[in-house]
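Reading through the structure tokens given below for one structure.
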Amino acid sequence: MKHLRRSRLLGLLAAAAFAVAPDRPANATDEIQVYNAGIAAPGQFTIQQHLNYVPLGVKDPPFPGGLISNNSINGTPEFAYGVTDWWEVGLYLPFAIKDQQFLSDSFKLRTLFVSPNAEQRNFFYGVNFEFSNTTPKFSQARFGLEIRPIIGVRNADWEFIVNPIVDVSFGKYGEADFTPAARLARKLGPDLFVGLEYYADFGEIGNFAKLPDQQHTLFAVTDFKLGVFDVNFGVGYGLTPASDRWVVKTIWGYAFPVPGGNSAASEAAAHAGPVNPMSHASAHNTDATPWLVR
């Protein structure tokens, strides 16, 4: 009898601890991307469609009532506009599809500041600020802020980029998490790159989760052109029990012509420096056929 009462007590304590656990985002994300300081040209609109599928993922919700990432589709259309040669603004409309249900995650607004003409630099940098309004399936916090520094180096054949991201959520379950990302890529042709991307969630800053409870995912990626579209494709493998085991990600991008732009000069500028062809945005393209050699 004492053993039974003790088991029930431990069960209740575990349930209570889970119920008051701090906010944890769903494993699957609408945007799986390393920012490389590339932005749209001044006056230029760009659009990207992010789609990520989790064929085998975590089967428990990240918090009570949260989205279970296993067998889910996550994505967002992303609309961006180049304000200056160092400033871009954007809008996301994130969503998920789970059990044949379409789930909206409201919206995100971002503002991105970078070193001008980053695509022509061997060393480049920037910072992105992203404000999010989230829904209960995706987070226990109503509002969030992502601070994403961008630091990168490149030469004629290689690029290495780090995004040491801090995710801040507000409210009762608010906390600041460290969620870095990195990319190492090799140029194989004018519009073809292959590489590795790494994404992690260490948990709350100052109180990192134990390694099995952290999320660490390694992606094999490729970037290429398909007609007028720029494509990023990757397959990721989760390295810890808290990570989704397999994730497939895609990004399709298109840059609209800049009114009154000089397409010949734009193409020359686009090819001036070898960088990730699937940049955050297709800067310096004023041609109807956007180039993504950044």
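Every number in this text was worked out from the coordinates using simple rules, so none of it is lab data. Owing to the predicted nature of the structure, the values given are computational and were not obtained by experimental measurement. With ideal geometry, Cβ positions are generated from the backbone for all residues, glycine too; neighbour counts draw on all protein chains shown.
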### Task
Using Cα centres only, tell me the gap between region 31-61 and region 120-144 in whole Å.
11
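For Gly75, what is the net charge nearby, where nearby means another residue's Cβ is under 9 Å from its Cβ and Lys, Arg count +1, Asp, Glu -1?
Values: positive: none; negative: Asp30, Glu31.
Its environment carries a net charge of -2.
Could you work out the relative contact order of region 2-270, using alpha carbon pairs under 8 angstrom and six or more residues apart, expressed as a whole percent? Numbers along the way, then the final one.
Working: 713 pairs, mean separation 45.2, N = 269.
Across region 2-270, relative contact order equals 17 percent.
Sorted from fewest to most neighbouring beta carbons within 10 Å, what does the list Asp85, Asp30 look like? Provide the component values of the computation, followed by the final result.
Details: Asp85 17, Asp30 22.
Fewest to most other Cβ atoms nearby, the residues stand as Asp85, Asp30.
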### Query
Among 245-254, 109-118, how do they line up from the highest to the lowest mean number of other beta-carbon atoms within 10 Å?
245-254, 109-118
#### Entry: Under 19 Å from Lys172, Cα to Cα: lysines that are on another chain or at least 8 residues apart
Lys137
### Summary
In this structure, the FRET efficiency calculated for Ala176 and Val127 from their beta-carbon separation, with R0 = 22 Å, to the nearest 0.05, is 0.85
### Task
Rank by packing, highest mean first: peptides 33-44, 56-67, with packing defined as the count of other Cβ atoms within 10 Å averaged across residues.
33-44, 56-67
### Query
Percentage of Cα-Cα pair distances in region 2-270 greater than 33 Å, rounded to whole percent?
23
### Query
Fewest to most neighbouring Cβ within 10 Å: what's the order for Ser169, Ser104?
Ser104, Ser169
### Summary
Between the modelled labels at Phe107 and Ala209 (7 Å from Cα along Cα→Cβ) the distance in nm is 3.0
### Query
region 155-231 to region 74-106: how many Å between their Cα centroids?
17
### Summary
So, relative contact order of region 81-122 in percent, Cα under 8 Å, 6 or more apart, is 39
